[in-house]
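Asker: Sending over a structure as structure tokens; questions will come in a sec.
The values are calculated or read from the model by the stated rules, or taken from the named source; none is laboratory data. All values derive from a computational prediction rather than experimental measurement. Glycine gets a Cβ as well: all are built from the backbone with ideal geometry, and neighbour counts include every protein chain shown. With ligands, DNA and RNA removed, areas are computed over all heavy atoms of the protein, side chains included. Shrake-Rupley method; radii C 1.70, N 1.55, O 1.52, S 1.80 Å.
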There are 2 protein chains.
Amino acid sequence: MSSSRKDRRATEDYLKAIYYLAEEQDPVSTSRIAEARGTRPASVTKMVQRLDRQGLVRYRKHRGVSLTDAGLQVALSTLRRHRLTELFLAEALGLSWDEVHEHAEVLEHAINDRLEERMDAVLGYPEFDPHGDPIPAKDGTIAEINARPMASLPVGCKARVARIVDDTNSELLCYIEGLGLVPGIEVEIKQIEPFEGPITLKVDGERRVVGHKVAAMILMTLCS
Amino acid sequence: MSSSRKDRRATEDYLKAIYYLAEEQDPVSTSRIAEARGTRPASVTKMVQRLDRQGLVRYRKHRGVSLTDAGLQVALSTLRRHRLTELFLAEALGLSWDEVHEHAEVLEHAINDRLEERMDAVLGYPEFDPHGDPIPAKDGTIAEINARPMASLPVGCKARVARIVDDTNSELLCYIEGLGLVPGIEVEIKQIEPFEGPITLKVDGERRVVGHKVAAMILMTLCS
DNA sequence: ATAGAATATTAGCCTTAGCTAATTTAATAT
DNA sequence: ATATTAAATTAGCTAAGGCTAATATTCTAT
């Protein structure tokens, strides 16, 4: 039963992980994927070889993997479904923003084009999620945004704080201000742990570490 | 990785199938399950042996399977999620009743207690779906209903038409009336194809075959 | 009661996705 | 430039769910 109507789960999760990790460093190494997914490198090697055979990634021994166009489409589609699902669950079921992620992590693999389309319509075709992260369009295009969430910046990048997303969470806003992360300030991204991990950055010559949730609230414009 | 966080899918689908088929004939035969699921009998044998080992069914060679209490709980929970999901998709995404089933068939395996609870609350704790089929409660109890959908009756059962669920589909209502299936009429169930299959019955001494969708609209009271 | 037909089971193979242990390749430090 | 270390790969195993072909059991009709 090679194909027919299979488990999208593993494939989509791998491609999504590779998509995220590639932001950090392009041919993504086996061990980074293993770390991100909580599996062993040997399992990753086998899987990326399969994905390569399916034309979803380009893999060269000891050299890492990159998404092909086809793989990128799948990753973006999965990301789109993830974000639409999060938004939808928050909207339609009144779940908190903290809570929706884990549910979406499962549901993103269980919804099809039709459901995606309906959710999109019901939500009014949103382009960004409450974190300020863009929701890829059906065709894979990502809304151009001059200000991007800090968490989406590449390592080594210098950028300026553009605005802090209003999460109606005044405690966090104060905390962020306290870190010196006020609009106009220039920071350099030193290190990003994938997914929910912390981000290390340099502000006014001083190193700081901020959590992923906080970083998602901080929109940045790149210093070219 | 024996257990941890597995694919509920196959297990739940088997148990659900067995639950439905048992209504027709209790120890359910291998081949009935195979037919219902579109797999080969040999695969079913292996699977029910596994389910037996897990304590979800009782299986005796050549004699068929029955659900254990644990298996029944899983089947009812799955059924509950299926029906809540159908209702929720119709409500929240404006999908037609025809359409929701196939989506629910996938999603029922992807939602957890929390989502189930939220959907239930948002829907106002419904006890029946639009077909008139009861939605099992969290504890597995099924709302007592004197009138049951025709599709839920056992084969050989004699029952009286109680009412026709108003589907706001006047064509179907007329069609049903045309078959002589008016309230008060006594019919005998001759044969039920599982799931969406047709139902053969005897009305006024004449055999008739009605589709599952039609049968779901006809609520019956048993003639004791 | 038994032959033949219908059902069910077993044996043996496949794929996916994981694991460990052993090996190979690449990177680093002297 | 080579020895050591770190990272990646291969080999070989596991379990779930499928499949086919072969075998075994039960049912049915004589």
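Asker: In deg cm²/dmol and to the nearest 500, what is the mean residue ellipticity at 222 nm of the protein assembly as shown if only DSSP H runs of at least 4 residues count, each as -39500 (n - 2.57), divided by the residue total?
Answerer: That comes out to -13500 deg cm²/dmol.
Asker: Would you work out which of B:20, B:184, B:223 lies farthest towards the positive end of the dipole of chain B, given +1 charges on the beta-carbon of Lys and Arg and -1 on that of Asp and Glu, about the Cα centre?
Answerer: Among B:20, B:184, B:223, the one farthest towards the positive end of the dipole of chain B is B:20.
Asker: Same structure again: Calculate the dipole size of the stretch A:148-222 relative to its Cα centre from +1 charges on Lys and Arg beta carbons and -1 charges on Asp and Glu beta carbons; express the result in debye to the nearest 20.
Answerer: 280
Asker: Still on this structure, please answer the following. Can you list the residues, at least 5 places off or on another chain, whose amide H is less than 5 Å from the amide H of residue B:190, using H built in the peptide plane?
Answerer: Hits under the 5 Å cutoff: B:156, B:200, B:201, B:202.
Asker: Let me ask something additional. Please report, for residue A:25, the nm distances (one decimal) from its label point, 7 Å out from Cα along the beta-carbon direction, to the equivalent points in the remaining copies, shortest first.
Answerer: 6.2
Asker: With each pseudo-label sitting 7 Å past Cα toward Cβ, what's the residue A:224-residue B:99 distance in nm, one decimal?
Answerer: With each label point 7 Å from Cα toward Cβ, the separation is 4.4 nm.
Asker: Kindly write out, for the stretch B:67-81 in residue order, the coupling ³J(HN,Hα) from the Karplus curve 6.51 cos²θ - 1.76 cosθ + 1.60 (θ = phi - 60°), rounded to whole Hz, with x marking Gly and Pro.
Answerer: Each residue's phi maps through the Karplus curve to give 6, 7, 4, 4, x, 5, 4, 5, 4, 5, 5, 5, 4, 4, 5 Hz.
Asker: Relative contact order of the stretch A:8-129: what whole-number percent is it, with Cα pairs under 8 angstrom and at least 6 residues apart?
Answerer: Dividing the mean separation by the residue count of the stretch A:8-129 yields 22 percent.
Asker: Using the Karplus curve 6.51 cos²θ - 1.76 cosθ + 1.60 with θ = phi - 60°, work out ³J(HN,Hα) for each residue of the stretch B:208-220 in order, rounded to whole Hz, and write x for Gly and Pro.
Answerer: Going residue by residue, I get 9, 10, 10, x, 4, 5, 5, 4, 5, 8, 9, 8, 10 Hz, with x marking Gly and Pro.
Asker: On to the next question. Along the charge dipole of chain B, which of B:39, B:151, B:59 sits closest to the positive end, that is, farthest toward it, with unit charges on the beta carbon of Lys, Arg, Asp and Glu (+1, +1, -1, -1)?
Answerer: B:59
Asker: When only alpha-carbon atoms count, how far does the protein assembly as shown stretch along each of its three principal axes, as whole angstroms with the largest first?
Answerer: 91, 45, 36
Asker: Test of the criteria: in the stretch B:172-224, which GluC sites (Glu not before Pro) are in a DSSP loop and have at most 15 other Cβ atoms within 10 angstrom of their Cβ?
Answerer: Of the GluC sites (Glu not before Pro), the ones in loops of the stretch B:172-224 whose Cβ has at most 15 other Cβ atoms within 10 Å are B:196.
Asker: Please go through the residue pairs B:61/B:190; A:190/A:213; A:138/A:158 and name each one whose alpha carbons sit more than 21 Å apart in this structure.
Answerer: With Cα atoms farther than 21 Å apart: B:61/B:190; A:138/A:158.
Asker: Using +1 on the beta carbon of Lys and Arg, -1 on that of Asp and Glu, and nothing else charged, what's the dipole of the protein assembly as shown about the Cα centre, debye to 20?
Answerer: 2520
Asker: Using Cα pairs closer than 8 Å and at least 6 residues apart in sequence, work out the relative contact order for the stretch B:148-222, in percent.
Answerer: 44
Asker: Right, something else. Treating only the Cβ atoms of Lys and Arg (+1) and Asp and Glu (-1) as charged, compute the dipole magnitude of chain B about its Cα centre; round to the nearest 20 debye.
Answerer: It works out to roughly 1340 debye.
Asker: What spacing in nm lies between the two simple spin-label points modelled at residue A:175 and residue A:196, each 7 Å away from Cα in the Cβ direction?
Answerer: According to this spin-label approximation, the distance is 1.4 nm.
Asker: Over chain A, what is the mean sequence separation of C-alpha contacts under 8 Å (at least six apart), divided by residue count, expressed as relative contact order in percent?
Answerer: Reported relative contact order: 16 percent.
Asker: A follow-up question, please. For the stretch B:149-160, just list the computed ³J(HN,Hα) in residue order, Karplus coefficients 6.51, -1.76 and 1.60, θ = phi - 60°, integers in Hz, with x standing in for Gly and Pro.
Answerer: Result, ordered by residue: x, 3, 5, 9, 7, x, 5, x, 6, 9, 8, 10 Hz.
Asker: So, one more: Between residue A:57 and residues 5 or more places away or on another chain, which pairs have amide H atoms under 5 Å apart, with H built 1.01 Å from N, and which residues are they?
Answerer: Here A:52, A:68 satisfy the definition.
Asker: Accessible area per residue, 1.4 Å probe, Å², for chain B: what's the number?
Answerer: Per residue, chain B has 51 Å² of solvent-accessible surface.
Asker: Where does helix A:113-122 land angle-wise versus the long Cα axis of chain A, in degrees 0 to 90, nearest 10?
Answerer: 30
Asker: Rounded to the nearest 10 degrees, what's the angle between the helix B:41-53 long axis and the longest principal axis of chain B, both from Cα atoms, 0 to 90?
Answerer: 70
Asker: Note the distances from residue B:49 to each other copy's matching label point, with points 7 Å along the Cα-to-beta-carbon direction, in nm, sorted shortest first.
Answerer: The answer, with the shortest distance listed first, is 3.0 nm.
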